[in-house]
Amino acid sequence: MSESKKPTVATVWLDGCSGCHMSLLDMDERILDIFTRSDLVYSPLVDFKDYPDEVDVCLVEGAVSNEDDLAKVKKVREHTKTLIAFGDCAVTSNVPGMRNPMGTEAVLERAYHENVTINPMTPTQVIPQLLPMAKPVHTVVDVDVFLPGCPPSADLIYTMLDDLLSGRVPEVVGSRFGR
Ligand code: SF4
């Protein structure tokens, strides 16, 4: 991380319920400690439209479930030093992965036809194309740190960010740092 300026932190929301981001906010006053020592440069919690060219740490919530998720996580990987699979949906595909055994056609049929009473129709515009499977993030791009939990606790999130911002290696089982 650059010594001349604060490290930069981003968070990204793929196919998740936002519960992991809610747990981030659950750090309460410790969030001031984290974001005094770093700059939040991209997140659904703030109104920045474009992912920066160079980000030090990014927490990625959710599985990779559609074409938009895939494009976004590849861009994030390309421009991020330390990418964290943030929560069980990112680590294992968890809840989004429950649709995998059924296939996409059955899911679209259920969502847009069986559960609809007026004008049932599968959307062909605006809604991104589903991938055949909802995938854990590490099966698509390299992951540096795995932070499991549904959601990970606020204590765990704080400890990991505190470690990273202090230049310490987070003690998380499965972390690439530990190899
Ligand atoms: Fe929601 Fe749990 Fe998935 Fe986080 S890991 S996005 S809390 S379902």
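For Leu40, nonlocal amide neighbours, meaning residues 5 or more places apart or on other chains whose placed amide H falls under 5 Å from its own, are Val9.
With all projection directions averaged, the alpha carbon convex hull of the range 1-122 covers 9.4 nm². Under 12 Å of direct C-alpha separation, and excluding same-chain neighbours fewer than eight residues apart, Lys74 reaches these aspartates and glutamates: Asp142.
Select from Leu130, Ser38, Ala111 the residue farthest towards the positive end of the dipole of the chain; place +1 on Cβ of Lys and Arg, -1 on Cβ of Asp and Glu, and compute about the Cα centre. Result: Leu130.
Within the range 102-118, list the residues whose amide N lies under 20 Å from a label point set 7 Å along Cα→Cβ of Gln125. Residues passing the 20 Å test: 112-113.
A protection proxy built from the mean count of other Cβ atoms within 10 Å ranks the segments 29-36, 141-148, 163-170, most packed first, as 141-148, 163-170, 29-36.
Based solely on its DSSP helices, what 222 nm [θ] is calculated for the chain when runs of n ≥ 4 H residues each add -39,500 (n - 2.57) and the sum is averaged over all residues, nearest 500 deg cm²/dmol?
Working: 6 runs with 50 residues, N = 179.
Calculated mean residue ellipticity at 222 nm is -7500 deg cm²/dmol.
Scoring 150-157, 53-60, 107-114, 79-86 by mean Cβ neighbours within 10 Å over their residues and listing the highest first yields 79-86, 53-60, 150-157, 107-114.
Computed from the alpha carbon positions, the gyration tensor of the range 87-179 leads to an equivalent ellipsoid with semi-axes of 37, 14, 11 Å, biggest first.
Listed by chain and number, the lysines whose C-alpha is less than 19 Å from the C-alpha of Lys6, apart from same-chain residues fewer than 8 away, are Lys81. Placing unit charges on the Cβ atoms only, positive for Lys and Arg and negative for Asp and Glu, gives the range 82-179 a dipole magnitude near 180 debye about its Cα centre. Packing here is the average count of other Cβ atoms within 10 Å per residue, and on that basis the peptides 100-106, 64-70, 22-28, 7-13, highest first, run 7-13, 64-70, 22-28, 100-106.
Calculate the tail of P(r) for the range 1-66: the fraction of all Cα-Cα distances greater than 16 Å, expressed in %.
Working: 1087 of 2145 pairs.
In whole percent, the share of Cα-Cα pairs in the range 1-66 beyond 16 Å is 51.
No lab work stands behind these numbers, since they all come straight from the coordinates. Given the structure is predicted, the values throughout are model-derived calculations rather than measurements. So basically every Cβ, Gly included, is an ideal-geometry build from the backbone, and we count neighbours across all protein chains shown.
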